[in-house]
Amino acid sequence: MNKYILALDQGTTSSRAILFGHDGRVRAIAQQEFPQIFPQPGWVEHDAGDIWRSQLAVAQEVLRESGADAADIAAIGIANQRETTLLWDRSTGKPVANAIVWQDRRTAGICDALREAGHAERIRQKTGLVIDAYFSGTKLKWLLDNVPGVRARAERGELAFGTVDAWLVWKLCGRHVTDVSNASRTMLFDIHALAWDEELLQCLDIPPSVLPAVVPSSGEVGRSDPQWFGASIPIAGIAGDQQAATFGQACHQPGMAKNTYGTGCFMLMHTGDRAKASHNNLLTTVGWNRSGVPGAEYMLEGSVFMAGAAVQWLRDGLGIIRSAEEVEELAASVPDTGGVVMVPAFAGLGAPYWDAYARGTIVGLTRGSTKAHIARATLAAIAYQTADVLEAMQKDAEIGLTELRVDGGAARNNLLMQFQADVLGVPVVRPKVTETTALGAAYLAGLAVGFWSSREEIAAQWQVDRRFEPAMAAAEARQRLATWRRAVDRSREWAVPE
Ligand SMILES: Nc1ncnc2c1ncn2[C@@H]1O[C@H](COP(=O)(O)OP(=O)(O)O)[C@@H](O)[C@H]1O
Ligand SMILES: O=P(O)(O)OC[C@H](O)CO
């Protein structure tokens, strides 16, 4: 009798595995951080072996710790950090280089050239994306152009490209596939036709032989090799982590939105079964689709590159807190930021600014400024970036949001969540299960194998933990946002090459 779904949540800073029961509650969880590699300013890499080993280790650990074996698991669902780009040898399985992480800015120049050549509008129409170093396409081009011998090997059909989902599925069962949600983050995928786009492949000089087959987000794609868990388990759900979190938050209806506060902050709003173009610098992206059901469901997305990672910087870069949780107490020790505004543009700015050359900035420092003010300004910056995105999203969707569902590590911070509700003027609602990314992957897999029968059943499992009501006067929120935007202006175009 199958008792569980095993969800693998491969995030930017850690790999997690979670066993979910039929009631959508966490039965067992294991997590491992793995090294971040910063070879040069603006570059971020992961060792593909670290990704796989940490993910496998935590998956084996949850089975061991819970006393479950493969026969107890109905299916595996995978959610992954998106856009991070891997290229490996099909016969040896060896990566040709470290994975280039989504935060990596090394391809900003390639993006400038694409914009100057007039490709922006066509790329936006086909892929729903703005031209930015964030997405996989230019990262893949960089690997092909810069790692010696790699282009020739790719032309001979010897290499496989994939985002992290593809890498994990390849390691688990030997198939070379990616799901539609991950494909929609490559800048090589036509989100309307749901197919790789020849013209874009030519434009970036990508040989089609490297591409994975595109599969539904919910549907069996293979079975794990028995060597990993003692017997094979169907792999039946795959989605980019932000799309998975949207599914896990039961945002199944047009107009529903969630915001995840992890390394970055990602707000996604369901917009129905047709792609909705943004006129306010957001992305249009595929949410998910299901095997046997034509088409897909679409989202508007605002991607903020630096959120919880700015808190990590307070911990590791400045050393003013010992753990991320401590930021709440430090920030609460002062009544306000004392005029300090921090713009955490460490990896440029994403939505709605899209400035690869913006850099982190702290303004308004005086002799009275303390680490507590900087901590408070860091939390405020997370909330302001979200406010910028929500404003754009409400304009695009032409609706006012009635509530924002939240999740992710930094959503545990009550001070931040209250301030978020205050500056948005919209209630912020945190569910009981905050592991919504893994939960979404579990739901996608569980629906495919009949572990859950319908979305209605899933949506009924969603429960509120805490609701934060806006308590700040609208005029004050507006004034604070205006100050924030002045600080953003100071951070922009800082690292433009000389
Ligand atoms: N109490 C907290 N307050 C603010 N930030 C926090 C808190 N707890 C964790 N974080 C931040 O949340 C992030 C971890 O969240 P998580 O959802 O695991 O991220 P990811 O999936 O991107 O690795 C880290 O960047 C950490 O600094
Ligand atoms: O690792 P996370 O959870 O911060 O998510 C990263 C995003 O998928 C990047 O687009």
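The values are calculated or read from the model by the stated rules, or taken from the named source; none is laboratory data. All values reported here derive from a predicted model rather than from experimental measurement. So basically every Cβ, Gly included, is an ideal-geometry build from the backbone, and we count neighbours across all protein chains shown. Heavy atoms of the whole protein, side chains included, go into the accessibility calculation; ligands, DNA and RNA do not. Shrake-Rupley method; radii C 1.70, N 1.55, O 1.52, S 1.80 Å.
Trypsin sites (Lys or Arg not before Pro), restricted to the range 325-382: which are DSSP loop and have at most 14 other Cβ atoms within 10 Å?
Passing both the DSSP loop test and the Cβ count: Arg367.
Per residue of the range 185-200, what does 6.51 cos²θ - 1.76 cosθ + 1.60 with θ = phi - 60° give for ³J(HN,Hα)? Whole Hz please, x for Gly and Pro, Karplus curve as stated.
Values, residue by residue: 9, 8, 6, 10, 10, 7, 6, 8, 7, 6, 8, 4, 10, 4, 5, 5 Hz.
Given axes a ≥ b ≥ c from the Cα gyration tensor, I'd like to know whether the range 368-450 is rounded (a/c under 1.5), prolate (a/b larger than b/c) or oblate.
Oblate is the answer for the range 368-450, as a/c is 1.5 or above yet b/c matches or exceeds a/b.
Taking θ = phi - 60°, what integer Hz values does the Karplus form 6.51 cos²θ - 1.76 cosθ + 1.60 yield along the range 138-143, in sequence order, with x for Gly and Pro?
Rounded to whole hertz, the list is 6, 5, 5, 4, 4, 4.
Shape verdict for the range 13-73, please, from the Cα gyration tensor: rounded (a/c under 1.5), prolate (a/b greater than b/c) or oblate.
Prolate is the answer for the range 13-73, as a/c is 1.5 or above and a/b outweighs b/c.
Residue by residue through the range 218-232, which ³J(HN,Hα) values in whole Hz follow from phi under the Karplus form 6.51 cos²θ - 1.76 cosθ + 1.60 (θ = phi - 60°), with glycine and proline marked x?
So the J values, rounded to whole Hz, are 10, x, 6, 10, x, 10, 5, 4, x, 5, 7, 10, x, 7, 7.
Using the basic label-point model (7 angstrom from Cα toward the beta carbon), what is the Glu198 to Ala57 distance in nanometres?
Result for the modelled spin labels: 4.6 nm.
What's log10 of I(q)/I(0) for the range 4-242 at q = 0.14, 0.18 Å⁻¹, Debye sum over Cα points only, no solvent?
Results for the range 4-242 at q = 0.14, 0.18 Å⁻¹ read -0.87, -1.34.
Net charge within 14 Å of Gly409 by Cβ-Cβ distance, Lys/Arg positive one each and Asp/Glu negative one each, not counting Gly409 itself?
Cβ neighbours under 14 Å give a net charge of -4.
Scan around Leu159 for amide H atoms under 5 Å from its own, H built in the peptide plane at 1.01 Å from N, and keep only partners 5 or more places away or cross-chain.
When sequence neighbours closer than 5 places are left aside, the close amide H contacts are Arg90.
Count neighbours as other Cβ atoms within 10 Å of each site's Cβ, and list the trypsin sites (Lys or Arg not before Pro) in the range 100-187 that are DSSP loop with at most 14 such neighbours.
Listed in order of number, the matching sites are Arg156.
Protein chains only, probe 1.4 Å: how do Cys203, Cys251 rank by accessible area, largest first?
The most accessible residue leads, giving Cys203, Cys251.
Using alpha carbon centroids, what distance separates the range 320-368 and the range 134-211, in Å?
When both Cα centres are located, 36 Å separates them.
Of Leu87, Ala324, Leu168, which is farthest towards the positive pole of the chain's charge dipole, taken about the Cα centre with +1 and -1 on the beta-carbons of Lys, Arg and Asp, Glu respectively?
Ala324
Counting only Cα, what are the radius of gyration and maximum Cα-Cα distance Dmax of the range 110-164, in Å?
My reading of the Cα-based Rg and Dmax gives 12.9, 34 Å.
Does the range 194-299 classify as rounded, prolate or oblate by the C-alpha gyration tensor (a ≥ b ≥ c root eigenvalues; a/c under 1.5 gives rounded; else a/b over b/c gives prolate, otherwise oblate)?
It comes out oblate by the Cα gyration axes.
Based on the Kirkwood radius over alpha-carbon pairs, what is the Stokes-Einstein translational diffusion coefficient of the chain at 4 °C with 1.567 mPa s viscosity, in µm²/s?
Answer from the Stokes-Einstein relation: 57 µm²/s.
Using the heavy atoms of the protein chains alone and a 1.4 angstrom probe, what is the accessible area of the chain per residue in square angstrom?
For the chain, the per-residue accessible area is 37 Å².
Size of the range 406-466 along its principal axes in angstrom, Cα-based, largest extent first?
42, 20, 16
Given only helices, namely DSSP H runs of n ≥ 4 each adding -39500 (n - 2.57), what is the per-residue ellipticity at 222 nm of the chain, to the nearest 500 deg cm²/dmol?
-10500 deg cm²/dmol
List the trypsin sites (Lys or Arg not before Pro) within the range 266-357 that DSSP assigns to loop and that have no more than 15 neighbouring Cβ atoms inside 10 Å.
In loop regions of the range 266-357 (DSSP not H, G, I, E or B), the sparsely surrounded trypsin sites (Lys or Arg not before Pro) are Arg274, Arg322.
Can you give me the % of accessible surface on the chain that is carbon or sulfur? Probe 1.4 Å, all protein chains present, nothing else counted.
That fraction is 49 percent.
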